[in-house]
Each structure stands twice: as structure tokens, then as C-alpha cells.
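Student: Below is a structure I'd like to ask you about.
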Amino acid sequence: MSPRALRYLWPLPVTCIALVLAGAACLTGGQCQAVDGVLEVSGGVASRLLRQRSAAAMTLGHVVFGRTRECLEISRPHERVHVRQYERWGPLLLPLYWLAGGIARWQGRDFHLDNPFEQEAYNNNSQPPE
Ligand SMILES: [Zn+2]
């Protein structure tokens, strides 16, 4: 199996869940586009869910959700780091992310900004959320 295939296979369980959400987004007026091997989804129910979480974009496996297409473009460098993290950690990224954020919060720091997975993404010259 090629290294490229493994990069997609390892996070596939998370990507499959994301594809269901992407389908729901498309059925509710959202848009999907493939960009550099990643499915980017904006609008529809995805937009509403991100607004509830005060997030502009979110990555699940090889699917990136954005409130709008503009949000996807602005956050692309940051979210691509999360895609690489999924390729490295696969489905383990979700519990590790929450564990790291929980430890940060337990230490009196911010769940999101002090999470090492987010710090890696922000160190990729992207801006922290407003
Ligand atoms: Zn992030």
C-alpha cells in the first residue's frame, strides 16, 4: 500500500463520520468542494453548528467544515495542519485532542489556545480565532 493511501486510510473512521455531516450540510443548502485532496464543506447545517460553537472552521479527518467559503479560505493553512495531525494520529487524535485540552484547562489554561494540537496549527503562521 502506498504512503498516500495510508494517509487517507488511517483517519478514515473520522472522515466517514465527517462525510455523513458533509452530506447533511449539502442537503441543507451547503456546498462541497475538493481542494488539494481535502473535502471542504461550507454553509447549511455545518454553518449553523460552527456558529453555535463560535468557530469559523473545523477539521474532521480529510473533511474541513467552514461557516462560509471565505472562512475556509482564510483558515486553510491552519486547518491543513489539523489534516496532517489526523494523518499522523488517525482516530486517536480526537481523544488525544480532548485530553490535551482537558489537561490545559485543569492547569488553569485555555482548552483551545493552550492545546498543543492548536498551538502546532497556530505556529503554522495562522491567526488565532477572534
Ligand atoms: Zn485549530
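Student: Identify, among Cys16, His82, Val38, the residue whose Cα sits farthest towards the positive end of the charge dipole of region 1-93, taking +1 on the Cβ of Lys and Arg and -1 on the Cβ of Asp and Glu, with the dipole about the Cα centre.
Tutor: Sorting the options by dipole projection puts first His82.
Student: Quick one: if you stick a label point 7 Å off each Cα along the C-beta vector at Leu113 and Glu73, how many nm between them?
Tutor: 2.8 nm
Student: Rank Asp114, Asp36 by accessible area, highest first, at a 1.4 Å probe radius? Let's see the in-between values first.
Tutor: Working: Asp114 40, Asp36 130 Å².
Descending order: Asp36, Asp114.
Student: To continue, here is another question. Can you give the accessible area of Cys32, probe radius 1.4 Å, in Å² rounded to 10?
Tutor: 60 Å²
Student: Only four residue types carry charge here, +1 at the Cβ of Lys and Arg and -1 at the Cβ of Asp and Glu. Report the dipole size of the chain about the Cα centre in Debye, rounded to the nearest 20.
Tutor: 220 debye
Student: Here's a follow-up. How large, in percent, is the carbon and sulfur part of the accessible surface of the chain at a probe radius of 1.4 Å?
Tutor: Working: 4660 of 7570 Å².
Here it works out to 62 percent.
Student: Take the Cβ-Cβ distance between Arg48 and Arg4 as r, set R0 to 30 Å, and report the resulting FRET efficiency rounded to the nearest 0.05. The partial results should precede the final answer.
Tutor: Details: r = 34 Å, r/R0 = 1.13.
Calculated value: 0.35.
Student: Largest first, what is the accessible-area ranking of Leu94, Leu49 with a 1.4 Å probe?
Tutor: Details: Leu94 60, Leu49 85 Å².
In descending accessible area the options line up as Leu49, Leu94.
Student: For the chain, report the % of Cα-Cα distances exceeding 21 Å. Kindly include the intermediate steps, with their values, before the conclusion.
Tutor: On the way: 3330 of 8385 pairs.
Tail of P(r) above 21 Å: 40 percent of Cα pairs.
The values are calculated or read from the model by the stated rules, or taken from the named source; none is laboratory data. None of the values given here were measured: they were computed from a predicted structure. Ideal geometry is used to build each Cβ from the backbone, glycine not excepted, and the neighbour counts take in all protein chains shown. Please note that ligands, DNA and RNA were not included when accessible areas were found on the heavy atoms of the full protein model with its side chains. Shrake-Rupley method; radii C 1.70, N 1.55, O 1.52, S 1.80 Å.
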